[in-house]
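Input: a single structure, listed below in structure tokens.
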């Protein structure tokens, strides 16, 4: 099942995406809420009701009215939190190699994550960025999950049962801001908090069963062989697979839930796939060729990310017309 959030006449709604069409779930079953957060709070009971409606639509047993005039939103427009992991060894190793530092041994000992701004979640469409963001503006090609039920101290062996669905994720990054502030060893802040993009829909795990594969040796949890690509203005710049994740989502969730509650509506990103951002691509290019010309996102660029089974997430980058700059506020 593919769940969508969308807006009509300034009201948000919850629907299913079936064969290129969107149908409102609440209009088919009044016991289903008409927005994503309340739906996720209902856990497995509401999920099964929605799957029944989805199956009936696909079988032609019911013919609900199709939504025609709507704005597609992030599948989870108002997550209860948003974490981002660091699951792809290839990306971490390449980024460190490009900086001429050794691979960090701790990567293989435990998965890590950071919290980003859950109030800056966006879906398909325009992404407005401030002028300072365009100082080395970057995409990051990722996959994300959303939590479907409350839990605490969850083991990796049981953690996959807490996943309500999967989405494409673009962890937008302003690299100049990020690199300046991380000199103070306090993690990403202004370099990351302006936009995290998810979409176009939330795909339930059962739809991905055909793509299951074995996790990396020594790891626990479901793994999926889903091709990941990113194009900028129609030119492919990145390619990888969800199967390249070294740490599984189950293992990341195990760490997230240690000593704290994870909640329905929590979004957790995988971290960047290998080759999945300009920072890594530029570093590799310059390492191999001193005359390599780095590339960053520009005003008007179209970024299209696609993951097998999860759909295409398309955004257009737009520069805000202002002279306001926090880079200019630095003390001398």
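Assorted remarks:
- Every condition in (1) closer than 17 Å to residue 137 by Cα; (2) surrounded by fewer than 17 Cβ atoms within 10 Å (Cβ to Cβ); (3) in contact with a helix residue (DSSP H, G or I) (Cβ under 8 Å, 6 or more places away or on another chain) is met by residue 302 except one, and the failing one is (3).
- Entirely in the range 246-332, the strands (runs of 3 or more DSSP E) that have 1 or more residues that are modelled with pLDDT of 95 or more, more than 30 Å from residue 20 (Cα to Cα) and over 17 Å from the mean Cα position of the chain (by Cα): 311-319
- Residue check, residue 189 crowded, with 24+ Cβ neighbours inside 10 Å and not assigned by TED's automatic domain parsing to the domain that holds residue 39: no
- Residue 95, sole failed condition from (1) more than 20 Å from residue 276 (Cα to Cα); (2) touching a helix residue (DSSP H, G or I) at 6+ places or on another chain (Cβ under 7 Å): (1)
- All conditions but one from (1) farther than 18 Å from residue 62 by Cα; (2) crowded, with 17+ Cβ neighbours inside 10 Å apply to residue 22; the one that does not is (1).
- Screening 29, 44, 54 for residues that are modelled with pLDDT of 95 or more and in contact with a strand residue (DSSP E or B) (Cβ under 7 Å, 6 or more places away or on another chain) leaves exactly one candidate, 54.
The values are calculated or read from the model by the stated rules, or taken from the named source; none is laboratory data. These numbers come from a predicted model, not from an experiment. Cβ coordinates were reconstructed from backbone atoms using ideal geometry, including for glycine residues, and neighbour counts include every protein chain displayed.
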